[in-house]
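Worksheet: one structure, shown below.
What follows draws every value from the coordinates through simple rules; no lab data is involved. Nothing here was measured: the structure is a model prediction, and the numbers come from that model. So basically every Cβ, Gly included, is an ideal-geometry build from the backbone, and we count neighbours across all protein chains shown.
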Amino acid sequence: SETVERHEFGAEVGRLLDLVVHALYSDREIFLRELVANAADATDRRRFEALTNEALALPSDARVLIAPDKAARTLSISDSGIGMTKEDLAQNLGTIARSGTRAFSQALGEAKAGEGGEDLRPSLIGQFGVGFYSAFMVADRVTVTSRRAGSDEAWTWASDGKGSYTLEPAAREQAGTDIVLHLKEDADEYLESYRLDHVVRKWADNIAVPIAIRDAEGKEEAANRGTALWRKPKSEITDEQYKEFYRTVSHGFDEPWATLHWRAEGALEFTGLLFVPSMKPFMAVEDDRRSKVRLHVRRMFITDEAELLPNWLRFVHGVVDTDDLPLNVSREMLQSTPTLQKIRRAVTTRVINELSSRSKNTEKADEYQKFFENFGSVLKEGIYEDFERRAEIAPLLRFRSSTQEGWTSLPDYVSRMKPEQEAIYYLVADDVEALKNSAQLEGFRARGVEVLLLSDHVDAFWPEQLGKFEDKPLRSVTQGAADLSKFKTEGEQAEAPPVDKLVAALKLALEPDVSDVRVTDRLVDSAVVLAASGMGPDLQMQRLLRRAGR
Ligand code: ADP
Ligand code: MG
């Protein structure tokens with residue numbers, strides 16, 4: 001008809017769809033978790049908006065309904081949530097972050113190439129939050145009919161997942177969304193209510209919005225328990241329940257590396273149930289740097305945008321539930337209420353304390369290093385972003401070193417410093433191998449002075465911000481003339497041969513490209529090395545600035 005608009009997906013979306021459908025086949029029941037989670041999120045969002053706009057109030061029987069239709073071979077997922085306008089449909093379902101797609105296909109390629117690729121695939125879906133697109137694993141055609149709460153227009157989005165989608169006006173009596181999946185030949189199992197029930201219990205049991213499944217007789221059965229797990233006493237919760245809850249809040253498939261469940265009492269009352277993942281997600285963290293820890297008030301979900309943790313702890317997932325805020329808390333209030341500020345502080349302190357005690361547990365050093373390999377570069381952001389917490393973050397960091405095997409820490413470095421040593425020395429470069437062979441290290445190595453080797457992309461930035469650790473200044477070995485003369489080398493010559501004339505000649509030849517030529521005790525085998533001036537940025541920093549065109 002004339003009212004149907006056809007739109008092409010961006011090339012990246014087309015590719016992603018193809019990947020989702022063909023490569024991630026093995027654990028396709030995940031599509032239901034993704035669609036139900038979206039429906040529940042939409043319901044929560046509407047409830048939240050209704051707090052400040054009565055016209056948007058949820059119907060009293062608001063639920064997510066999963067309805068199979070054997071005759072039509074369709075499966076529909078309906079909600080009375082916030083809904084989508086025509087623009088929302090095009091935006092939310094027609095585009096996806098390019099960077100994410102690229103990272104995704106790359107990771108997938110690696111998973112295929114390496115051993116155990118098969119096992120990795122399902123976990124990739126969760127980590128990438130492929131979300132809505134996972135519907136095309138089981139359907140060859142998907143229609144989405146939606147009416148935004150507060151609007152009287154409804155629209156239908158439809159696609160076969162092969163490169164384009166259509167948008168046309170539709171009718172829907174009330175606000176909300178219906179997703180209709182036209183199931184593929186081999187996806188019959190999702191027409192059976194017992195099968196649907198099993199999937200919902202496995203993946204979505206903790207979702208607080210009621211989920212119902214319609215059976216063959218048209219009866220609706222509740223499918224999820226929706227228990228606020230965090231409100232139960234620890235002694236009544238099994239590991240399996242914690243793990244399942246972790247997977248619902250993180251959309252992950254891994255086990256939590258750490259589970260923090262505590263109740264704060266006294267001046268401020270709240271319950272926290274937080275998790276640190278054991279696997280690194282491939283993209284999520286770079287797109288949106290804000291913490292998504294969920295805020296509940298008296299069990300009711302309020303928002304996942306309260307930034308309950310600082311950006312540099314954004315890898316932590318979970319829930320904070322408090323009785324100390326009113327249920328009708330508004331967005332403006334969330335920004336400014338001192339109660340929330342205090343909760344943020346307390347929650348952040350709790351997480352830091354946990355990381356700190358684990359970082360000090362020498363018996364489980366391997367476990368901590370695994371954590372650090374996953375999230376260390378995110379933690380380091382805290383050093384330059386969070387003045388207040390800087391000193392607490394520093395001992396949590398781990399480094400390679402010129403004299404130690406494996407990883408080391410700043411406290412350990414300090415404990416090994418030579419009596420006459422005043423500074424903590426470090427060297428930044430793009431990779432550890434380059435660092436190990438750097439001529440910059442020769443003089444230090446000859447004198448047995450330890451140098452921290454930094455090769456993370458954020459390493460050019462934070463050491464200067466930190467400035468000192470335990471009153472010892474951090475000093476880049478490329479910066480100015482580190483006075484190595486006070487450290488003795490083996491068989492050092494009593495007096496260096498005079499080279500004044502050579503230095504003067506070199507200076508003349510190289511000016512104005514270099515600002516100075518100096519005799520150094522930094523080198524042993526190499527004849528020359530480039531150094532940054534004592535005042536200016538470190539060499540790696542200069543490289544980065546040049547790359548950025550500054
Ligand atoms: P994510 O949930 O991680 O944002 P998805 O691909 O699952 O990614 O969904 C994309 C977006 O589409 C959602 O962020 C939301 O804005 C919108 N959306 C999806 N399903 C619904 C729904 N049932 N009701 C309202 N909006 C929805
Ligand atoms: Mg989603």
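Give the cross-link partners of residue 507 among the lysines, using a straight C-alpha distance below 27 Å as the criterion and excluding same-chain residues fewer than 8 apart. Candidates past the 8-residue exclusion: 486.
The slack in the chain from residue 235 to residue 500, taken as 0.36 nm per residue of separation less the alpha-carbon distance, amounts to 87.8 nm. Is the shape of the stretch 124-280 best called rounded, prolate or oblate, per the rule: a/c under 1.5 gives rounded, else a/b larger than b/c gives prolate, else oblate, with a ≥ b ≥ c the square roots of the Cα gyration tensor eigenvalues? Taking the square roots of the gyration eigenvalues as a ≥ b ≥ c, the stretch 124-280 is prolate. By the beta-carbon count within 10 Å of each Cβ, the least crowded to most crowded order of 43, 238, 349, 303, fewest first, is 238, 349, 303, 43.
The distance separating the Cα centre of the stretch 412-439 from that of the stretch 232-273 comes to 40 Å. By the count of neighbouring beta-carbon atoms within 10 Å, fewest first, 155, 407 end up ordered 407, 155. Taking the stretch 142-157 and a reference point 7 angstrom along Cα→Cβ of residue 54, the backbone N atoms nearer than 17 Å belong to 150.
Full extension of the segment from residue 511 to residue 387, taken as 0.36 nm per residue of separation minus the current Cα-Cα distance, would add 40.6 nm. Distant-in-sequence amide contacts of residue 484, defined by a placed amide H-H separation under 5 Å and a gap of 5 or more residues or a different chain, comprise 521. Based on C-alpha pairs under 8 angstrom that are at least 6 apart in sequence, the stretch 374-429 has a relative contact order of 20 percent. With R₀ fixed at 35 Å, the C-beta to C-beta distance from residue 432 to residue 269 puts the FRET efficiency at about 0.15. Cross-link reach is defined here as a Cα-Cα straight distance under 17 Å, omitting same-chain residues fewer than 8 places apart; for residue 232 the lysines meeting it are 243. Taking the fewest neighbouring Cβ atoms within 10 Å as the starting point, the ordered list for 337, 145 is 337, 145.
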